[in-house]
1. Which residue is nearest to His66 (Cα to Cα), if the candidates are limited to the stretch 11-42 and must be open to solvent by 40 Å² or more (accessible area, probe 1.4 Å) and β-branched (Val, Ile, Thr)?
2. When you scan the stretch 83-92, do you find a residue that is among the basic types (Lys, Arg), at pLDDT below 90 and surrounded by 15 or more Cβ atoms within 10 Å (Cβ to Cβ), even just one?
3. List every residue pair whose Cβ atoms sit under 6 Å apart, with the two residues 6 or more apart in sequence or on different chains, where the first one lies in the stretch 191-214 and is without any contact (Cβ under 8 Å) to a residue 60 or more places away in the chain and the second, anywhere, is open to solvent by 80 Å² or more (accessible area, probe 1.4 Å) and outside any strand (DSSP E or B).
4. Does Glu103 satisfy the condition of being surrounded by 13 or more Cβ atoms within 10 Å (Cβ to Cβ) and among the charged types (D, E, K, R)?
5. Out of all the residues in the stretch 202-212, is one or more assigned to a strand (DSSP E or B), among the polar types (S, T, N, Q) and crowded, with 17+ Cβ neighbours inside 10 Å?
6. Kindly list, by first and then second residue, each pair from a residue in the stretch 83-111 that is more than 30 Å from Leu48 (Cα to Cα) to a residue that is at pLDDT 90 or above and assigned to a loop (DSSP other than H, G, I, E, B), limited to pairs with Cβ atoms under 8 Å and residues at least 6 apart or on different chains.
7. Yes or no: the stretch 73-81 includes at least one residue that is modelled with pLDDT of 85 or more and open to solvent by 80 Å² or more (accessible area, probe 1.4 Å).
8. Just checking, how many residues over the stretch 110-165 are over 17 Å from the mean Cα position of the chain (by Cα), surrounded by 13 or more Cβ atoms within 10 Å (Cβ to Cβ) and assigned to a helix (DSSP H, G or I)?
Amino acid sequence: GMTRSGTGLANDIQRIKELCVEHDIGFVVVDSIGLACMGEPESAEVVLGMFQALRSLKVSSLCIDHTNKTNNSANSDNLFGSVFKYNAARQIFEGKKSQHQGEDKLELGLFHKKANNAKLIKELGFTIEFSEEDTLRKVLIRKQDIRNTDLEEGMRVSARIENLLRKKPGGLSVAQICEELEKTDNHIRKELSKGKNRGMFTILPNGNWANQAW
């Protein structure tokens, strides 16, 4: 079922608890966090009060929120308003889409940004297609390798380097990788060094970098 809150989740928590017990609810979706807070999104008191109320339900929950579009690209994963939203969440996935004008399909990427007591999982990609037959509207969802989509730019830099090098059997120089990914020399060298230590990358006899052969 679905219930609407006009005064914020914390203020309505007693009624929501009653509904959870009455209907044996074990999973709650909050859409959206901003409306559930019903206060200044920059306020730690408001945000943490909402999360405290949510956790008092003792059920699993999925909370939907928006990113802060005023941030630069390096911080595009920040949630709108208080940093306490990020701190209070146990798992965070950022959803991004790519859709060309006039197309009946879109590409969706889910990027794992935070995991408490667990490791981050690889990016998830999906293709969502819309069609109509008579009066029936259909939605088809298929898994998609995100490396082959426009959303590849949202992957971690180490994964983007690996994706780039898999297309270059002869490897690439640091300068070429920097140019392809539009990253600084220092940034790329750090990622290559860390990746080499993890067994991801290797240096070829010609001085180029390549993916480690298995």
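The values are calculated or read from the model by the stated rules, or taken from the named source; none is laboratory data. Computed from a predicted model, the values in this text were never measured in an experiment. Neighbour counts run over all protein chains shown; Cβ positions are idealised from the backbone, glycine included. The protein model used for the area step is the full one, side chains on, heavy atoms only, and it has no ligands, DNA or RNA in it. Shrake-Rupley method; radii C 1.70, N 1.55, O 1.52, S 1.80 Å.
1. Step by step, filter the stretch 11-42, then rank; the result is Val29.
2. Step one: filter the stretch 83-92 for residues among the basic types (Lys, Arg), giving 85, 90.
Now restrict to residues that are at pLDDT below 90: 85.
Now restrict to residues that are surrounded by 15 or more Cβ atoms within 10 Å (Cβ to Cβ): 85.
Yes, there is a match, as at least one residue in the stretch 83-92 is among the basic types (Lys, Arg), at pLDDT below 90 and surrounded by 15 or more Cβ atoms within 10 Å (Cβ to Cβ).
3. Pairs found: Asn211/Arg166.
4. Values: surrounded by 13 or more Cβ atoms within 10 Å (Cβ to Cβ): no; among the charged types (D, E, K, R): yes.
Answer is no for this residue.
5. Of the residues in the stretch 202-212, the ones assigned to a strand (DSSP E or B) are 202-203, 209-211.
Now restrict to residues that are among the polar types (S, T, N, Q): 202, 211.
This time we only want the ones that are crowded, with 17+ Cβ neighbours inside 10 Å, so: 211.
Yes, some residue in the stretch 202-212 is assigned to a strand (DSSP E or B), among the polar types (S, T, N, Q) and crowded, with 17+ Cβ neighbours inside 10 Å.
6. Close Cβ pairs (under 8 Å, with a partner that is at pLDDT 90 or above and assigned to a loop (DSSP other than H, G, I, E, B)) amount to Glu107/Gln144.
7. In the first step, residues of the stretch 73-81 are kept if they are modelled with pLDDT of 85 or more; the result is none.
Looking through the stretch 73-81, none of the residues is modelled with pLDDT of 85 or more and open to solvent by 80 Å² or more (accessible area, probe 1.4 Å).
8. 5
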